[in-house]
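In what follows, a single structure is set out as C-alpha cells and then discussed.
The values are calculated or read from the model by the stated rules, or taken from the named source; none is laboratory data. Everything numeric in this text was worked out from a predicted model, so none of it was measured. Quick reminder, even Gly has a Cβ in these numbers, built from the backbone with ideal geometry, and neighbours come from all protein chains shown.
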Ligand SMILES: NC(=O)c1ccc[n+]([C@@H]2O[C@H](COP(=O)([O-])OP(=O)(O)OC[C@H]3O[C@@H](n4cnc5c(N)ncnc54)[C@H](O)[C@@H]3O)[C@@H](O)[C@H]2O)c1
C-alpha cells in the first residue's frame, strides 16, 4: 500500500504531538509542517528532517503529494482551514472543537460528504484503551441501564485567550459521552452554571448538567483553577458501576458490582413496604487489565483506516457537530442564569 502524504497545520502546543505520531505511523508520509510562524515549524521539526516547513497554507494545498491535512490551530480558524482543504480535495483530521459553531460544522460535514472525503475530529480520549473498554461495557449492556454519569476534569489549567473553560475542556467529556452511550440514549436538555472568580474575562469553572432521553442525568465539572488535578468519571448503571480514574495508572478503571435496586412493591408484605422499597447490592470490585497505548497513535491509525477503507471515521464530523450543539446550548444556558435548554437529538447517531 502506498503511503498517504500528510501535512500538519499548526506547530503550537498540540501540533508537535500530531507531528510525532504521524512520523510514527508507517502508512503516513509527513510532507509539511505549516505554521504562520515558519521559524516555529522549523524548530519543531529539528535540523535532521526531510519534512518541509512553511508559513504558506496555499503551497501545502497545491502540493499533489499531500492527500490529507491534520489541523491543530485555534478553534476560530478551523472553519476556513478545513473548508479550503476539503475544496482542494484533501482528507482532514481537525482538532476539537470541530469549529466555532454547529452551523459551521454542518457546512463542513456536508462538504466532506459531497466530496467523498474523510472529515475526522480528534476526540482524543475516545481512542484511549480505557474509554474504548468503557464503550464496550456500556454499549454491550454490561452495566445495565445508565442511571447517571459524573465527570470531574479539574486542575490548574492555562486560561485560554480565545475560549472559556467550557469550550476548552468540556469537549472531552461531551465527546466521551457521545462515544460510549448506546445509540438510543441521547441528550435532550442541558444547563450550565459558570463562574469567573479571578476576573479573567471568561468562565474559568463550569458545572454542566446533561439530561438524557432515558431520564438519566450526566454531570460534568470542568475547572482551570483547581490546585489538585482530578480526572474521574463514574458511569452508574442498574447492574454495575464503572469508576474511571485517569490519574491512577494501576487501576484506571474499576468495575463495581454494586448498586441500588428497587424492589417491586407487589412482592412485599404491607408491613415491609415502607423500609424495603430500596435494596442495596454489595458485590465485588474488579480492575480490568488495559494496555498502555498512546491515544493519538490510535487516532492516526483510525484516520488512515477511514481514508483507505473509504468510510466515515469513528469520530467524524457529525460527532463533532453533536458536541458543538451541546456546547452552544451550554453557553446559552450559562448566559441566561443556568436555565435548562432543550436540545434536539441527532437522528443520525
Ligand atoms: N486533543 C487534545 O487533547 C488537545 C489538546 C490541546 C489542544 N487541542 C486543540 O488543538 C488546537 C490548537 O491548540 P494549541 O493549544 O496547540 O494552540 P496554540 O495557540 O499553542 O498553537 C496554535 C498554532 O497555530 C498557528 N496558526 C494559527 N493560525 C494559523 C493558520 N491560519 N495557519 C497556520 N498556522 C496557524 C499559530 O501560529 C500557533 O503556532 C485547538 O483546537 C485545541 O482545542 C487539542
Kindly check whether there is at least one residue in segment 210-220 that is free of Cβ contacts under 8 Å to residues at least 60 places away in the same chain and assigned to a loop (DSSP other than H, G, I, E, B).
-> yes
Scan segment 1-18 residue by residue and report those that are surrounded by fewer than 23 Cβ atoms within 10 Å (Cβ to Cβ), touching a strand residue (DSSP E or B) at 6+ places or on another chain (Cβ under 8 Å) and without any contact (Cβ under 8 Å) to a residue 60 or more places away in the chain.
-> 3
Of those in segment 19-30 that are touching a strand residue (DSSP E or B) at 6+ places or on another chain (Cβ under 8 Å) and surrounded by fewer than 20 Cβ atoms within 10 Å (Cβ to Cβ), the residue farthest from residue 71 (Cα to Cα) is 27
In the set 182, 129, 171, the lone residue that is over 17 Å from residue 319 (Cα atoms) and either away from the ligand (no atom under 14 Å from the Cβ) or in contact (Cβ under 8 Å) with a residue 60 or more places away in the chain (or both) is 129
For segment 62-84, how many residues are more than 21 Å from residue 13 (Cβ to Cβ) and within 11 Å of the ligand (Cβ to nearest atom)?
-> 1
So which residues in segment 229-262 are over 26 Å from residue 293 (Cβ atoms), part of a strand (DSSP E or B) and over 22 Å from the mean Cα position of the chain (by Cα)?
-> 259, 260, 261, 262
Check whether at least one residue in segment 19-26 is more than 22 Å from the chain's Cα centre (by Cα) and within 12 Å of the ligand (Cβ to nearest atom), and report yes or no.
-> no
Over segment 147-157, the set of residues more than 19 Å from the chain's Cα centre (by Cα) and crowded, with 18+ Cβ neighbours inside 10 Å is 147
Output yes when any residue across segment 88-102 is more than 10 Å from the ligand (Cβ to nearest atom), in a helix (DSSP H, G or I) and under 19 Å from residue 317 (Cα atoms), and no when none is.
-> yes
State yes or no: is residue 272 under 23 Å from residue 145 (Cα atoms) and modelled with pLDDT under 95?
-> no
Considering every residue within segment 43-55, establish whether at least one is surrounded by 17 or more Cβ atoms within 10 Å (Cβ to Cβ), over 23 Å from the mean Cα position of the chain (by Cα), touching a residue at least 12 places away in the same chain (Cβ under 8 Å) and within 11 Å of the ligand (Cβ to nearest atom).
-> yes
Residue among 144, 105 that alone is buried (at least 18 other Cβ atoms within 10 Å of the Cβ) and touching a strand residue (DSSP E or B) at 6+ places or on another chain (Cβ under 9 Å) = 105
Kindly list the number of the only condition in (1) part of a helix (DSSP H, G or I); (2) within 27 Å of residue 168 (Cα to Cα); (3) at pLDDT 95 or above that fails for residue 11.
-> (1)
Would you check if residue 137 is in contact with a strand residue (DSSP E or B) (Cβ under 7 Å, 6 or more places away or on another chain), more than 10 Å from the ligand (Cβ to nearest atom) and at pLDDT below 95?
-> no
Selection within segment 27-37 - within 15 Å of the ligand (Cβ to nearest atom) and either part of a loop (DSSP other than H, G, I, E, B) or more than 29 Å from the chain's Cα centre (by Cα) (or both) | 35, 36, 37
Within segment 66-80, count every residue that is surrounded by fewer than 20 Cβ atoms within 10 Å (Cβ to Cβ) and either in a helix (DSSP H, G or I) or without any contact (Cβ under 8 Å) to a residue 40 or more places away in the chain (or both).
-> 4
